[in-house]
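Here is the structure we will look at, set down as structure tokens.
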Amino acid sequence: MMIGIPRERKSGENRVAIIPSGITPLLEAGYEVVVESGAGLPAHFSDDEYRHAGAIIAGDAESLYRQAQVILKVLAPDSEEADLLQPESTLICLLDPWFNRPLLEQLAARSVQAFALDLVPRTTRAQSMDVLSAMAGISGYRAVLSGAMALPRYFPMLMTAAGTIHPARVLVIGAGVAGLMAIATARRLGAVVEAYDLRPEVKEQVESLGADFIAIEVPEADTSGDGGYAKAQDEAFYAAQRQQLADCVARADLVVTTASVPGKPAPKLIDQDMLHRMKGGSVVVDLAAERGGNVEGTRLNQKVDIDGVTLVGHVNHPSRVPVHASQLLTRNISAFLFNMTEDGHLAPDLDDDIVSATLVTHHGQVLHGAQPEITE
Ligand code: NAD
């Protein structure tokens, strides 16, 4: 069975689904592999490296898609690329299924069997396949680095002959995978860190990284949903959060927001009044920008100045660390594939919880992704 690794087409995407060192395990499992010429270049892997690892190089996407029965990608294909997929072929990538219904319909109409890596369950058995966690870790790390670069201050405390520099104060809102990595990175750079999450059970993890957990009083609510994710709340709840977080935001030099709820717009946790209370030169990095943002005024993929506060709405931070992001993706995607492999063939067991949770199109039908598109 031939596996195809296409070049990612989305502008600004530097990652590749499988790096050259990931080719040998695929061949050993009994697959053949074809790689589109230049697929690894943005992540600094050459065609020659893939060739030496035993892959065939296809000159263009058309030739790759003609040969491959299984496509391993990072991001969802656009509609033009989806039309290149062979009927009855298999697609494995991040599909953002809650917000990509037309693409799912298109894939189903072409009888493509598609697996959404975004839906890998957050279970111990699926840990090695957990693309979202691997990429969220990079996002948290990069968010702090870009915040530090935009901040007109030092991060660490310094005692110099020219005087004492006080450490930067960092606030992390949302202490999931990205938030915990942001806390660890800010601590390593010497900042004093506070963090908040609506799931009270993360307090211990926050404190184990040397940060203070902020406890606020919000209306009584069920905050922890399935799979360890947060549950969406009503506007009165978010208003109470904003009111009680306002002082913490005002005293922070850098705020990193990561709050999200699967399949929903990002909750608004910082409004314009809160931004106005921040010191001039402060920075807010909004990692939820793609889902509408946690901050009022976030602009997708832009850095804006709001009364002297820099608000960063960049998305796809993992693409800015393409070598290691691609290395982690290779491990995640290969583990996912091997869970469905028998004798060099793809043989998905529909009773397997990982297979059933991620299969989004099958036998011409869309199985997931029926939720409404983002409206805010
Ligand atoms: P996520 O990206 O969906 O959300 C980020 C964080 O935002 C979460 O911690 C969430 O609680 C928080 N949040 C949502 N709404 C908020 C609000 N209004 N105010 C403040 N915070 C808010 O989540 P994630 O980081 O992908 O993962 C969440 C959890 O999933 C993890 O902490 C863990 O419990 C679980 N998980 C389990 C595994 C595993 O078992 N293998 C792997 C990864 C994650």
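The values are calculated or read from the model by the stated rules, or taken from the named source; none is laboratory data. What you see is a predicted model, and the numbers here were worked out from it, not measured in a lab. Here the Cβ positions follow ideal geometry from the backbone for every residue, glycine too, while neighbour counts run over all protein chains shown.
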Is it true that some residue in the stretch 270-287 is more than 19 Å from the chain's Cα centre (by Cα), within 13 Å of the ligand (Cβ to nearest atom) and of a type in the set (V, I, T)? yes
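Among V323, V312, V285, V256, which is the only one that is modelled with pLDDT of 95 or more, touching a His at 6+ places or on another chain (Cβ under 7 Å) and closer than 22 Å to L132 by Cα?
V323
Could you pull out every one of the strands (runs of 3 or more DSSP E) wholly within the stretch 289-374 that has 3 or more residues that are surrounded by 14 or more Cβ atoms within 10 Å (Cβ to Cβ), among the aliphatic types (A, V, I, L, M) and touching a strand residue (DSSP E or B) at 6+ places or on another chain (Cβ under 8 Å)? Give the derivation first.
On the way: elements: 303-306, 309-312, 359-362.
So the answer is 309-312.
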In the stretch 175-189, which residue that is touching a residue at least 60 places away in the same chain (Cβ under 8 Å) and within 14 Å of the chain's Cα centre (by Cα) is surrounded by the fewest Cβ atoms within 10 Å (Cβ to Cβ)? G176
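List the strands (runs of 3 or more DSSP E) that sit entirely inside the stretch 150-240 and contain at least 1 residues that are within 12 Å of the ligand (Cβ to nearest atom) and over 26 Å from L119 (Cβ atoms).
Once the strands (runs of 3 or more DSSP E) in the stretch 150-240 are filtered for at least 1 residues that are within 12 Å of the ligand (Cβ to nearest atom) and over 26 Å from L119 (Cβ atoms), what remains is 169-173, 192-196.
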